[in-house]
Structure formats: structure tokens, C-alpha cells
């Protein structure tokens, strides 16, 4: 029998493999796409080598849903944007990102005022955040650079956050954002530690 | 639907060489049953999905540890997933289990009907035959520990029997079961 790590509180420790046929009798449950997508990202997610970012940007699984969401963003913005926190003065450059899971309706609408370096995050519908967890928003610079935390996002309503210091060259259309599930209060390491729940890319409007 | 051991072994071997296509295939083949397992143990959808994702990360990282000569591939995978669920239960410090609710579920988890589906494949039939050779107390305590991740102390509380008695049931039941399956 293959060795298994011993859980000393488990009365069956060391012997659980005997029971695996029981698992095969369970009725299979449809697995949501976001689990694989998050897993796919985490495979390269070592913060020290920037793999998460590289893989995120390279991933076909990322770009396909993002392209669909980008189209949705343009349509939805026509409805939302007119009455929503538009800074005075039409010349202020605004970029947006629709952030969501590939198999679900978009979860957050991000609006970036590049001049003020303020990011507004609006929940388009209530998000489910498990007790003891927080959702953290990350900007993905690409080119092997590690994700930059933008802050925690709410389950509902909207928040405005001042962007952390970063090169202006990163605030351009095509850059990615991701929301990961983290311990309450945010990632303890400064890099994503939990599964990626939502993703999206920045568009100029 | 039981999984083909040969196919799983082939994928695990490829995964140990960092083959992502094989990893995706293994995931697609086994994740639906494994999500059913994490849901069964953890009850909460968010925790179950998190445990599933964490488990597959471990499968990816530990695939070189798997030795096909020492057991069935799905057993190795299911063990990783169940251990992940127990870690999760410990992390969230599960609230004391409601006895009434547990008693209701016990029938579903440990009654004869829960074993009927094992009749449909060889490894299942062997396990069912051997489980049926155990006393009812031994079988119930072992199946509750498996499906609910209960400790000896929790088993003792739920079954309302002294700790020593419950430990004996589990130990004796496991010994009988191993002897029977290996025979």
C-alpha cells in the first residue's frame, strides 16, 4: 500500500486506502470550471518566479472567457457607466475591467481613473465570501513580474481604492486583474495564496 | 463508475514528468467523484471546492511518490483528498456535531443500502463482503470515521459508548477488514 501522511486524530490513519471503493459509489458532482482555472494558475503560482503571472497571461483558459467578458463589458457599461461615479470632465482617461468566473455572469466591474490613480470596484451581484475568508484583488503586470495587491474587495456594494505605487506603464489596456480567496484580512505573504475566483482584463473606453 | 487503474497509473506517471495534458485528463476523469467526496465530508460547497483544488495541487506535487506496485491509483488519490478534507475540518475548527443530525445521517452512511452500489465492481464487491463480516458496531464506527472524519473522541460521543470501547471497535474492525481483503 502506498504510504499516506498520518493524521494522528484520524482513527483510520494509514488504512484509508482500503475504503476508496466507497468513493467510487458516490454520485459524481459537476465540477465548476473555476476550480480547474484556479488550479491551472496555481500550478505556476510560486511568487518567487513570477510563474503565476506568466501562466495567467499565457493561458488559453484565461483569454477565452476574458474575451467574452470584454465584449460583455462594453455592453454592460453602456447601462452602468452613465450614472455611476463618473469623474467630472470627459477628458479623464477611464479604463474598465469586467471581472468574473468563466462560467458565470461577471462579478465585479472595475473602473480605473488613471489620472487620480483610483480604482473603483463595484459588485454587480452579491459575492459569496466564506466565513474567515476575504477576496483580494490583484493587478497582474505580466512579463514575469509578481501580482500587485490592490486591496480587499467587498461581497456587495462598491469601494474605491487608491492604487499601490506602480509604474504608469502598467496601467494600460490589456493588463489582467484577478481576485483570489485569501485568509481573512488578505494574503499573509503579499502574493496570492488561495484559489483564483475571478479574472478580467483592462479595456480603454 | 470505477476508474481504470491502468489509465490512472499511466496519467500519474506522465504527471510525474510534469505532463499537464495528463494532469487535465486525470482531473476530468476523477474530479466529479472527488468533489462528491469533499462535499460528503465537509458539507459546505465553498470548503469542498477549496479542498478539491488543494488536493489536486498535492497530486501534482506528489505524483512521484506514487508507487503502482503498492496499491490502486484511485486509492492513493482518494486518500490525498480525504486527508485534505480532514485538514480543512481541523482548520475551521468544526463546531461540535449535532447528535440528532448525525444519527439521521448515520443510517445513510452505515446502513446496508449504503453498501449496495459496491456490488457493481470487483474492488467494491471485495470491500462489501469484508465489511459485512464485521460486527455492526465495528462497521458503523469505521464508516462514520471515514465519511465524517470523526476522531475517536467524537465517535465515542456520537455512539454514546466509552472511548476505550470505540477504540477497540475501530482497531479490531480494521484488522479484520485488512485480513479479509488481503485473503
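Read the figures in this text as sums done on the coordinates, not as results from a lab. Note that the coordinates shown come from a computational prediction; the quantities given were computed from them, not determined experimentally. When we count neighbours, we look across all protein chains shown, and the Cβ atoms used for this are built from the backbone with ideal geometry, even at glycine.
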**Fill in**
So for R0 = 25 Å, FRET eff. of residue B:5-residue B:119 from the Cβ-Cβ r, to 0.05, ends up at 0.85
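Please average, across the residues of A:30-43, the number of beta carbons from any other chain that are within 10 Å of each residue's own beta carbon, and give a whole number.
Working: counts 3, 12, 4, 0, 2, 9, 7, 1, 5, 12, 5, 0, 5, 7.
For this peptide, the per-residue mean of nearby foreign Cβ atoms is 5.
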**Asked** Among B:45, B:82, which comes first, then next, by fewest other beta-carbon atoms within 10 Å?
**Response** B:45, B:82
**Asked** Most exposed first by the Cβ proxy, i.e. fewest other Cβ within 10 Å, how do A:20, A:149 rank?
**Response** A:149, A:20
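Starting from the Kirkwood Rh over alpha-carbon pairs, what translational D in µm² s⁻¹ does chain B have by Stokes-Einstein at 10 °C and 1.306 mPa s? Don't jump to the answer; show the numbers that get you there.
Working: Rh = 17.6 Å.
It diffuses with D of about 90 µm²/s by this estimate.
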**Message:** At 222 nm, what value in deg cm²/dmol follows for chain B if DSSP H runs of at least 4 each add -39500 (n - 2.57) and the sum is divided by all its residues, to the nearest 500?
**Reply:** -24500 deg cm²/dmol
**Request:** Evaluate the distance, in nm, between pseudo-label points positioned 7 Å from the Cα of residue B:87 and of residue B:163 along their respective Cα→Cβ axes.
**Result:** 2.7
**Asked** At what distance in nm do the modelled label points of residue A:9 and residue B:133 sit from each other, each positioned 7 Å from its Cα along Cα→Cβ?
**Response** 3.3
**Item:** Shielding by partners - mean other protein chain Cβ count within 10 Å, residues of B:48-61
**Value:** 4
**Message:** If the elastic network links every pair of Cα atoms under 10 Å, which of B:144, B:18, B:42 fluctuates the most in the Gaussian network model of chain B?
**Reply:** B:18
**Asked** To the nearest 10 degrees, how steep is helix B:99-110 against the longest Cα principal axis of chain B, on a 0 to 90 scale?
**Response** 60
**Request:** For chain B, find the longest principal axis of its Cα atoms and tell me its angle to the long axis of helix B:136-148, 0 to 90°, nearest 10.
**Result:** 50
**Asked** If each of residue B:20 and residue A:128 carries a label point 7 Å out from its Cα toward its Cβ, how far apart are those two points in nm?
**Response** 2.8
**Request:** Based on other C-beta atoms within 10 Å, arrange A:135, A:98 from fewest to most.
**Result:** A:135, A:98
**Asked** Rounded, prolate or oblate: which one fits segment B:1-100, using the alpha carbon gyration tensor with axes a ≥ b ≥ c (rounded when a/c is under 1.5, else prolate when a/b beats b/c, else oblate)?
**Response** prolate
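Other chains near B:3-15: what is the mean number of their Cβ atoms within 10 Å of each residue's Cβ? Intermediate values should be presented prior to the final figure.
Values: counts 3, 0, 0, 0, 0, 0, 0, 0, 0, 0, 0, 0, 0.
For peptide B:3-15, the averaged partner shielding equals 0.
Once you wrap a convex hull around the alpha carbon atoms of segment B:123-183, what is its projected area averaged over all directions, in nm²?
Working: hull surface 15.4 nm².
The Cα convex hull of segment B:123-183, projected and averaged over all directions, gives 3.8 nm².
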**Prompt:** So what is the relative contact order for chain B, in percent, with contacts set as C-alpha pairs under 8 Å and at least six apart?
**Reply:** 18
